[in-house]
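Contents: one structure, followed by commentary.
The values are calculated or read from the model by the stated rules, or taken from the named source; none is laboratory data. The shown structure was predicted, so the numbers you read here are calculated from the model rather than taken from an experiment. Heads up, the Cβs are rebuilt from the backbone with ideal geometry, glycines too, and the neighbour counts pull from every protein chain shown.
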Amino acid sequence: MVRLLVALAAASGCLDVFCLTRLGGYFASVITGNLVQFGHAIATAQAKVLAGGAIAVGGYALGVAVGTLALRRVVAGWHRRTGVVAAAEAVLLAGVAVGWFSAGGRPGYADGLALLGCASMASGMQSIVTIGFGVRGASTTYLTGSLTDVVRGVVLDPHRLAGGGGGVARLLALLGGAVLGALTLRVAPLWAPALAAALVAGVVVVAAGLARRTARITDRRGNE
């Protein structure tokens, strides 16, 4: 189940490179970068850029709030409610893909903001789903902490590199997702946002299957 976090990190890479290059220079999930961009827009009084920053940061915060409310009092692991939140994220991303495709890859200003808002909200929800997995320190949307932990662990104890393999895998998956997303934008730009939606939908399906299999095994052992 933990390996699914790698797929979610790849989805973030795909989504962020799309939003950054096609939806006004803002990320869907990297709020630090968005706040820096937002601050620059405030200083230079760029109204359109300001609106994008507010949508990106606000959409992410809304996604976190929705995911938190949906998964409160749920123990760590994959549960039905976790699947519902992840499925809602996939639906939002599918909506982004459909909106982008319908606009021929050239959405108007308002439509572009709507797509950015949906993408950012989806990323916020993904962050909460990731936390719900119960893997300490794991993230699939903001990986500065993961890189810090990996490097710090290696410096303090080189033998701990194996223990930080999960963080390394997610970092590489984010990078790989960004590369894949950028390449798709070059060769088939209309389909670029569909990559993230497909990855998240795949995680939902696989996780649900694994959860059902685990439940059957547990029931079988309980009846023995």
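Summary table below
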| quantity | calculated |
| --- | --- |
| Output for region 104-121, where each listed residue is more than 18 Å from Ala51 (Cβ to Cβ) and small (Gly, Ala, Ser) | Gly104, Gly105 |
| From the options Ala54, Ala86, Ala61, residue that is in contact with a helix residue (DSSP H, G or I) (Cβ under 6 Å, 6 or more places away or on another chain) and closer than 17 Å to Ser120 by Cα | Ala86 |
| Residue within region 203-220 that is surrounded by 12 or more Cβ atoms within 10 Å (Cβ to Cβ), in contact with a Ser or Thr (Cβ under 9 Å, 6 or more places away or on another chain) and modelled with pLDDT of 95 or more present | no |
| From Val66, Val49, Val96, residue being within 15 Å of the chain's Cα centre (by Cα) and over 18 Å from Ser12 (Cα atoms) | Val66 |
| Enumeration of residues in region 49-106 that are touching a residue at least 40 places away in the same chain (Cβ under 8 Å), surrounded by fewer than 22 Cβ atoms within 10 Å (Cβ to Cβ) and among the hydroxyl-bearing types (Ser, Thr, Tyr) | Thr68 |
| Selected residue (criterion: nearest to Leu175 (Cα to Cα)) from residues of region 1-50 that are among the aromatic types (Phe, Trp, Tyr) and out of contact with any Pro (no Cβ under 7 Å at 6 or more places or on another chain) | Phe27 |
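Residue-by-condition table, conditions (1) surrounded by fewer than 17 Cβ atoms within 10 Å (Cβ to Cβ); (2) polar (S, T, N, Q); (3) assigned to a helix (DSSP H, G or I); (4) in contact (Cβ under 8 Å) with a residue 60 or more places away in the chain:
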| position | (1), (2), (3), (4) |
| --- | --- |
| Leu115 | no, no, yes, yes |
| Ser123 | no, yes, yes, yes |
| Tyr142 | no, no, no, yes |
| Thr148 | yes, yes, yes, no |
| Gly167 | no, no, yes, no |
| Val179 | yes, no, yes, yes |
